[in-house]
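The block underneath contains the structure these notes are about, expressed in structure tokens.
Since every read-out is calculated from the coordinates, none of them should be taken as a lab result. A quick note: this is a predicted structure, and the numbers were derived from the prediction, not measured. All Cβ positions, glycine included, derive from the backbone under ideal geometry; neighbour counts span all protein chains shown.
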Amino acid sequence: MKKTLKIVLIIVGVLIVIVLVVPFLIPVNQFRPTIEEKASAVLGRKVQLGNLSLSLLSGAVSAESLSIGDDPKFSSAPFLTAKSLNVGVEIMPLIFSKTLNVTGVTIASPQVTLLHNAAGVWNYSSLGGAAAKSEAKKAPAEKSAGMGNAADIPIKQLTLSDGSIILGSTSSQKRSTYDHVNITASDVSITSKFPVTVTADLPSGGKFNLDGTLGPVDQTDTSLTPLDAKLNVSSLNLASTGFVDPSMGLGGIVDLEGTLASQGGEAQTKGTLKLSKALLVAGGSAAGVPVTVNFNTKYNLRKNAGVLEPSTLNIGSAAAHLNGTYETAGEATVVNLKLNAKDMPAKDLQAFLPALGVNVPKGASLQAGTLNADLNIAGPTTKLVTSGTVGLFNGVLAGFDLGSKMSSVASLAGIKSGKDLNIEKITSNLRVAPTGIQAQNFLAVLPTLGNLTGAGTVDSKNTLDFKMLATLTKEATSSATSSAGGGLGGLLGAVTGGGGSACSEGLKVPFQIQGTTAEPKFIPDVGGLAKDLFQSQLGCLGGRSSSSTGKTAAVRSRRAGYAHASFQAGR
């Protein structure tokens, strides 16, 4: 028994010595040129390895470093660098016949640089294509016999762990970096389909996950390689991606779930995208409600252009329809989209308005009404411009007494609009850019007041600058003239014979709106008031019945002169 135990211990000791000593006896570095040559042939790029070492325990050949060259049309710097490379091998064939059979490849901490040129072609497009083309030309008998280059040999497991991807364009020095990238693939072959999983940390804490199948590698352009996968993106901060310009006030958090299918140079993506905390203009603030888009896109990989099929955009229960085209060949993606909305509940949209740099007045809220919009969204994603028409109909702005707010305009003092503002309609032509909002052909029809018309801007600091004209109803005109007393009341009485406005549409009062959307300030346009008042009211007098006697006309003329003098003195 003791003898048997002694023999076992000796055998174990010998095995330990073999495990420890044999790796130093096998000149594994002699395989480095072969590995470099075969890898270079497969990838179509120059591959360089550091010193190789062999571990019998792990059954792997390790390289101290790895470098894969870039396409010289894009860069002279490496396409990929890594701290180390482990190649799993079958030990017995390696020891006894010096045959290298690869079971797995692990690349540790790789750094990959992905670049596209002005035409939208990527630097990985030529990666592995030559080997795939060569393998495809081989006869079936040659393939089954294992003849030819390294492309014949599938890799049972390929892993890229804790890497980083640098994304950019050859026309710009701006780069975006994505860290903690992990790629796992099994039964990898450039001539067949194989499963692949990709995970990555996105800037500012987001996550990326892709799980599907890839291959076979396209013979002419690797970027056209078929892919069928599920895609998940969570908490992607747009301001840190490089796709938008945060200095222009653009941003938001994106969550996306969808499917990606690429075949024959066309990729189709379907799914749901949610944009939270949206920012669309400089000076705006994050939207309080998310935008959800159920989308369907088709993208031509050769032309770097795509089509957004009719998709649905939702803000709360408010729905709009979105479709258009986009191009990605340049430094920034350029879009041309159409948004059409009808009867969107205004109440649901209020929390989204801050993203546009618009806030309802303090203490007020949209309690009723519907919104219609016909908009075009165009330009690079870094500087989107939205233009078109919008309209609010049958709305109620609760908690906003427009009459009291406009009391600073003396000619509008005394107008009673109530604590809630009823809106028959508000329409305007809008242009929304990152720098602010321009409104043209603004029209507000307010039953208790009249019509407000004009134009103006809301800048990146949320500052209002509008020039407006109020055309009052008869009731509002009477209220204004009676409350104005000897000032405007006496003037209007002199001009109109004591009966208020002579025109059926009522008094016209020019004014300005300044301040902010949250705290608008109504300021009288005194010069415009005097000019418009005498032109419109005296014009109305001229249109009265010709049966008026000369005496009456003379009296009214004297009254008008007196009123004019009184008005000038009052100024």
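Mind jotting down the three principal axis lengths of the stretch 159-287 based on Cα atoms? Whole angstrom, largest first.
Here the spans come out as 53, 32, 27 Å, largest first.
Strictly over 19 Å apart at the Cα level, which of Lys419/Lys474; Lys383/Lys521; Lys362/Lys383; Lys46/Lys83; Lys174/Lys274; Lys230/Lys383 would you flag in this model? Don't jump to the answer; show the numbers that get you there.
Working: Lys419/Lys474 21 Å; Lys383/Lys521 30 Å; Lys362/Lys383 30 Å; Lys46/Lys83 17 Å; Lys174/Lys274 27 Å; Lys230/Lys383 30 Å.
Long pairs (Cα-Cα over 19 Å): Lys419/Lys474; Lys383/Lys521; Lys362/Lys383; Lys174/Lys274; Lys230/Lys383.
Sum up the charges of everything whose Cβ sits under 15 Å from the Cβ of Ser109, counting Lys and Arg as +1 and Asp and Glu as -1, but leave Ser109 out.
On the way: positive: Lys83; negative: Glu64, Asp162, Asp179, Asp201.
Neighbourhood net charge equals -3.
What is the spin-label model distance, in nm, from Ser186 to Ser171 if the labels are put 7 Å beyond Cα along the C-beta direction?
Output for this residue pair reads 4.4 nm.
Tell me the net charge near Ala378. Cut-off is 12 Å between Cβ atoms, Ala378 excluded, with +1 for each Lys or Arg and -1 for each Asp or Glu. Could the numbers behind the result be given before it?
Values: positive: Lys338, Lys383, Arg431; negative: Glu327.
Result for the local shell: +2.
To two decimal places, what compactness ratio does the stretch 379-469 give when its Cα radius of gyration is scaled by 2.2 N^0.38 Å? Could you put the intermediate results ahead of the total?
Details: Rg = 15.0 Å, N = 91, 2.2 N^0.38 = 12.2 Å.
Normalised Cα radius of gyration, the stretch 379-469: 1.23.
So if R0 is 56 Å, what FRET efficiency would Asp465 and Ser164 give, r being the distance between their Cβ atoms, rounded to the nearest 0.05?
0.75
If the chain between Asn29 and Asn376 were fully stretched, how many nm would it gain, using 0.36 nm times the residue separation less the Cα-Cα distance? Mind showing how you got there, number by number?
Values: separation 347, 0.36 × 347 = 124.92 nm, distance 6.27 nm.
Answer, rounded to one decimal: 118.7 nm.
Where q = 0.13, 0.30 Å⁻¹, what log10 of I(q)/I(0) comes from the Debye formula for the stretch 182-239, counting one point per Cα?
The Cα Debye sum returns log10 ratios of -0.40, -1.13.
P(r) tail for the stretch 327-389, what percent of Cα pairs lie past 20 Å? Working shown, then result.
Values: 817 of 1953 pairs.
For the stretch 327-389, the fraction of Cα-Cα distances above 20 Å is 42 percent.
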